[in-house]
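Single-structure report; data block below.
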Amino acid sequence: LHLKSHPGEVCFPGGRQDECDTGNDVLTALREAHEEIGLKREDVDIICRLPTEESVGGLCVTPIVGLLKSKEVVDHLIVSKDEVEDVFTVPLDFFLEQNGNLADKFDIPWSDGVFTVRTYI
């Protein structure tokens, strides 16, 4: 892997906005998802753009939420071995369960506020 930032971390596809994205966060997310895991634009329905946040590492992150048009899309992903070691899926319910999978949750001082760290089992 040839990562300049956050190597070894589990994360969603993403990256810097390029000139070809014309300042559009959705286009950036779709391009990065295609470059990193081979997700085709036509295989995802964009649901919304969430507010931009600053990560603990000082990166601005703008989450773009989308739904795959079918479960079979995952079977046809082409992973960029320069950027991604592995791809796995997790059902949304895993994160929504009140007490099921949350191992730890704590707040740390960050920027002008508090960052909540959650770890899952």
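The values are calculated or read from the model by the stated rules, or taken from the named source; none is laboratory data. Quantities reported herein were computed from a predicted structural model and do not represent experimental measurements. No Cβ is skipped: glycine too gets one built from the backbone with ideal geometry, and neighbour counts run over all protein chains shown. In case anyone asks, the SASA skips ligands and DNA or RNA and just uses the protein heavy atoms, side chains included. Shrake-Rupley method; radii C 1.70, N 1.55, O 1.52, S 1.80 Å.
Structure above, values below:
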| item | result |
| --- | --- |
| Condition check for LEU30: modelled with pLDDT of 95 or more and within 15 Å of the chain's Cα centre (by Cα) | yes |
| Qualifying residue in the range 27-36 (condition: in a loop (DSSP other than H, G, I, E, B), out of contact with any Cys (no Cβ under 9 Å at 6 or more places or on another chain) and not acidic (Asp, Glu)) | no |
| Enumeration of residues in the range 39-74 that are modelled with pLDDT of 90 or more, small (Gly, Ala, Ser) and within 14 Å of the chain's Cα centre (by Cα) | GLY66 |
| Every residue from the range 37-64 that is assigned to a loop (DSSP other than H, G, I, E, B) and surrounded by 13 or more Cβ atoms within 10 Å (Cβ to Cβ) | GLY38, LEU39, LYS40, SER55, LEU59, THR62, PRO63 |
| Where SER80 falls short, out of the listed (1) open to solvent by 90 Å² or more (accessible area, probe 1.4 Å); (2) closer than 21 Å to GLU9 by Cβ; (3) in a loop (DSSP other than H, G, I, E, B) | (1) |
| The range 92-121 residues that are over 18 Å from GLU53 (Cα atoms) and aromatic (Phe, Trp, Tyr), paired with ones that are at pLDDT below 75 and part of a loop (DSSP other than H, G, I, E, B) (beta carbon under 9 Å, 6 or more apart) | PHE94/GLY100; PHE94/ASN101; PHE95/ASN101; TYR120/ASN101 |
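A quick yes/no check of all residues on (1) open to solvent by 60 Å² or more (accessible area, probe 1.4 Å); (2) touching a Phe, Trp or Tyr at 6+ places or on another chain (Cβ under 8 Å):
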| residue | (1), (2) |
| --- | --- |
| GLU19 | yes, no |
| GLY66 | no, no |
| VAL73 | no, no |
| ASP104 | yes, no |
| ASP112 | yes, no |
| THR116 | no, yes |
